[in-house]
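Data block below; observations after.
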């Protein structure tokens, strides 16, 4: 029975680990000075929201370089992002949530208003002039 408890505890700890990727080491080493780095698990924020949080949390840490801060933000934004509903989001929300140009965001909204909701990623390709490579790279951030 004791072994089962240890196995379950180990499983829970593994479930609370950060995903691998560039910047994970910085998040673990720098953020752990004040709190468990796994506190970010389950958060869903835009890159701008992560930038604000990192600025807030590290404002009193002069030893953390801007390059390190940027890597932390990039890691968090890549792994703990807010999904964007392509059929409901405003142009501003599309721009910030998908990190696309104002022109692309407005083109998506205009097409949606003219032609109806998007059902798939392929439907987005009907939007004239859209940077489809950028949208494709953000497909995990989309909801339909």
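The values are calculated or read from the model by the stated rules, or taken from the named source; none is laboratory data. In this text the structure is predicted, and so the values were computed from the model without any measurement. Because the Cβ atoms are built from the backbone with ideal geometry, glycine has one as well, and the counts that use them run over all protein chains shown.
Points worth noting:
- Filtered residues of region 121-144 (kept if exposed (fewer than 10 other Cβ atoms within 10 Å of the Cβ) and touching a residue at least 24 places away in the same chain (Cβ under 8 Å)): 129, 140
Let's see how each residue does on (1) at pLDDT 95 or above; (2) part of a loop (DSSP other than H, G, I, E, B):
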{"position": "20", "(1), (2)": "yes, yes"}
{"position": "25", "(1), (2)": "yes, no"}
{"position": "28", "(1), (2)": "yes, no"}
{"position": "33", "(1), (2)": "no, yes"}
{"position": "48", "(1), (2)": "no, no"}
{"position": "53", "(1), (2)": "yes, no"}
{"position": "56", "(1), (2)": "yes, no"}
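- None of 76, 130, 55, 121 is within 22 Å of residue 41 (Cβ to Cβ) and more than 15 Å from the chain's Cα centre (by Cα) except 55.
- Inside region 105-120, residues that are surrounded by 13 or more Cβ atoms within 10 Å (Cβ to Cβ) and over 23 Å from residue 51 (Cα atoms) make up a count of 8.
- If you go through region 68-98 and pick out every residue that is surrounded by fewer than 16 Cβ atoms within 10 Å (Cβ to Cβ), closer than 30 Å to residue 20 by Cβ and either without any contact (Cβ under 8 Å) to a residue 40 or more places away in the chain or touching a helix residue (DSSP H, G or I) at 6+ places or on another chain (Cβ under 7 Å) (or both), you end up with 2.
- Residues in region 79-125 that are touching a strand residue (DSSP E or B) at 6+ places or on another chain (Cβ under 7 Å) and farther than 17 Å from residue 136 by Cβ: 80, 82, 85, 93.
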